[in-house]
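Step one of this worksheet: look at the structure below.
Bear in mind that the values in this text are calculations on the coordinates, not laboratory data. Predicted model, so just to flag it, every value in this text is computed and none were measured. Note that we place each Cβ from the backbone using ideal geometry, even for glycine, and neighbour counts take in every protein chain shown.
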Amino acid sequence: MIELRELRKSYGGVEAVHGVSFVAETGSVLGLLGPNGAGKTTIMKVLTGYHFPSSGEALVDGIDVAEDPVAVKRRVGYLPESVPLYQDLTVSEYLDFAADARGLEGDTRAQALERAIGACGLSGVRRKKVEDLSKGYRQRLGLAQAILHDPPILILDEPTTGLDPNQIIEIRELIRSLGQSKTVILSTHILQEVEAICSSVIILNEGRIAAQGAPSEIGEALKGEERIRLRLKSASSGFDQNRLSGVPGIRSIASFQAESPNVFSAEIAMPPVKAGAMEAGEAIFDWAVASGLKVLELERRRLSLEEIFVKLTQEGEGR
Amino acid sequence: MKNVLTIARRELKSSFNSPVAYAVILSYLVFMGIYIYFIRGFYAAGQADLRDYFTIMPVVFAFLIPALTMRSWAEERRLGTYELLLTLPFAEGQLVLGKFLSSFVLAAIAILLTIPVPLMASLLGSFDSGVLAAQYLGVLFEAAAAVAIGEWISSLAKNQVSAFVGSVLVLLLLVLVDKITSFLGAGGIFASVLNWFSLAFHFDSFSRGVLDTRDLAYYLSAAALFLYLASWGLTRRKWS
């Protein structure tokens with residue numbers, strides 16, 4: 001379990017984190033989202049005992065990081081953003097060092113090494129020097145180091161950067177399964193990643209919590225409206241934008257484009273769907289059939305993380 | 001202690017996986033060989049006395065030791081492994097001691113590899129092996145103090161080059177302080193105090209083959225002081 005109480009951290013007079021509090025329970029994966037400089041990495045560095053808080057407290061399994069950093073570090077597995085590795089060691093030498101550092105011995109040690117090597121798919125590169133590894137392998141070696149001692153707390157700073165799509169799926173699966181028994185905190189830029197693996201999310205902006213909750217809640221709360229992208233075909237030519245206002249409940253037309261005299265594409269905004277009510281797509285489909293139009297494409301567009309940030313920061317200014 | 005050995009072992013593995021350590025040790029051996037046989041005219045002097053050979057050691061160390069310690073912290077910082085090291089369950093003191101130990105082992109290997117030089121020379125005359133042992137013990141103590149200073153400067157430096165240059169300058173200053181005071185003709189308490197800080201001043205009796213506990217104590221406390229400073233600096237960094 002991880003608990004932050006009014007954590008503040010400044011470097012040389014500049015405050016990077018302004019009073020952040022949260023609790024991450026065992027058996028959960030917490031995602032920290034935010035633009036660069038939002039304070040994600042700083043929070044992680046405090047939780048791993050690399051930095052001490054300027055004020056406030058950071059507790060890992062009830063232990064204050066500033067009071068007993070070594071005890072905290074024993075419980076934590078950490079993958080830093082820069083994925084630091086010793087270039088002049090081989091993969092197995094590097095993991096041996098990590099095993100020594102964690103005080104692993106005998107059978108436990110052998111099993112831990114095999115488990116980490118297997119889980120991160122490193123068995124083919126054991127004898128390779130770290131400097132000869134590709135970015136994807138380095139990332140996986142960093143992760144193997146972090147999970148080697150089966151720590152109750154895992155802190156992963158952008159764990160899937162540099163991986164190809166197949167590896168991303170594997171690593172996400174691994175993190176999700178680790179999250180069932182551990183406390184996992186990860187940072188990312190990718191909203192889909194949060195939706196795929198996190199049980200809760202904290203969005204940070206300029207060192208403060210801008211929003212927090214379950215991934216679905218955050219998405220809904222921020223959306224405020226549904227965006228639908230459409231491609232329609234009409235039987236006759238001479239269709240224009242005005243006819244779209246016939247869609248029941250439509251709020252606005254974000255874009256409209258005629259591809260040919262009788263095929264056009266548009267993006268429209270619909271009010272958020274209340275539970276139990278008709279979904280936007282259903283209403284549009286019924287409208288199209290009634291108006292003698294054929295639906296070629298109908299897509300509910302997700303708000304990207306960038307749009308969420310824009311929304312959050314704008315709301316912040318409006319207050 | 002186990003943690004200290006873990007760190008030292010990792011350092012040594014890295015050192016011996018890269019050519020730098022070999023190159024530095026080899027240059028040192030070649031230089032000492034050339035020095036004794038050519039520059040000092042060992043054979044021409046016709047004396048079975050290695051005092052000059054040992055007197056030069058502190059000056060040579062001002063270059064050898066920084067070459068061995070410059071990577072220590074500066075390289076970790078460049079590679080980002082500094083963050084790894086500080087988030088593994090080690091105390092700062094253990095990190096500093098482990099790195100000190102590995103650099104000291106490298107220095108000791110270099111120093112002990114020079115033993116054949118006086119041994120070969122001893123075939124030509126009769127050497128006092130007790131004197132030789134005292135001389136080598138003194139060299140090792142002097143090296144320990146120099147390694148601690150080099151480690152401390154490396155822990156402050158941003159990169160290897162500034163760690164090397166900084167350590168060379170500091171060590172040369174500490175070695176040459178007693179020469180400077182005698183050159184300036186300074187005397188009295190002022191000169192004695194300055195001389196007392198000199199790494200070479202305390203090496204004097206060793207090079208004559210005399211073991212003086214005051215000198216041993218000086219080297220040990222210098223090593224302890226700079227290791228403490230390095231460890232203190234690492235901890236302080238976390239708060240800023």
Checklist entry - Roughly how crowded by other chains is peptide A:94-101, in terms of the mean Cβ count from those chains within 10 Å of each of its Cβ atoms? => result 5
Item to check | Relative contact order [Cα under 8 Å, 6+ residues apart], region A:4-151, whole percent | outcome: 21 percent
Item to check | 14 Å cut-off, amide nitrogen to a point 7 angstrom out along A:S92 Cα→Cβ, residues in region B:1-32 | outcome: none
Checklist entry - To the nearest 10 degrees, how steep is helix B:19-34 against the longest Cα principal axis of chain B, on a 0 to 90 scale? => result 10 degrees
Item to check | All-pairs alpha carbon distance profile, region A:54-147, 5 Å steps from 0, percent | outcome: 3, 13, 22, 21, 17, 11, 8, 5, 1, 0
Item to check | Listed peptides A:122-129, A:68-75, B:201-208 by packing density, highest first (mean Cβ within 10 Å) | outcome: B:201-208, A:68-75, A:122-129
Next on the checklist: What are the extents of the Cα atoms of chain B along their three principal axes, in Å, largest first?
Outcome noted: 58, 45, 30
Item to check | Estimated 222 nm signal from helices in the protein assembly as shown, with DSSP H stretches of n ≥ 4 weighted -39500 (n - 2.57), rounded to 500 | outcome: -17000 deg cm²/dmol
Item to check | Loop sites in region A:160-260: trypsin sites (Lys or Arg not before Pro), DSSP, at most 16 other Cβ within 10 Å | outcome: A:R251
Checklist outcome for this item: Partner shielding of A:60-69, taken as the mean number of other chain Cβ atoms within 10 Å, equals 1
Next on the checklist: What distance in nm lies between label points placed 7 Å from Cα along the C-beta direction at A:A254 and A:E6?
Outcome noted: 4.1 nm
Item to check | Tilt relative to chain B, helix B:2-17 - C-alpha long axis, 0 to 90 degrees, to 10 | outcome: 70 degrees
Checklist entry - Any idea what the relative contact order of region A:78-135 is, in percent, if you count C-alpha pairs under 8 Å spaced at least 6 apart? => result 56 percent
Checklist outcome for this item: region A:10-110: spread of alpha-carbon positions along the three principal axes, whole Å, largest first, is 44, 30, 26
Next on the checklist: Over 23 Å between Cα atoms: which of A:K40/B:K99; A:K9/A:K40; A:K40/A:K73; A:K129/B:K2; B:K2/B:K158 fall into that group?
Outcome noted: A:K40/B:K99; A:K129/B:K2; B:K2/B:K158
Next on the checklist: Taking the Cα of B:F183, stepping 7 Å toward and past its beta carbon, and measuring to each backbone N in region B:199-222: which are under 19 Å?
Outcome noted: B:199-204
Checklist entry - Averaged over peptide A:36-48, how many Cβ atoms belonging to another chain are found within 10 Å of each residue's Cβ? => result 1
Checklist entry - So how tilted is helix A:165-178 from the main axis of chain A? Cα-based, degrees 0 to 90, rounded to 10. => result 60 degrees
Checklist entry - Can you pull the three principal axis extents for the Cα set of the protein assembly as shown, in Å, largest first? => result 116, 48, 47
Checklist outcome for this item: Dividing the mean separation of Cα pairs under 8 Å (6+ apart) by the residue count of chain B yields a relative contact order in percent of 29 percent
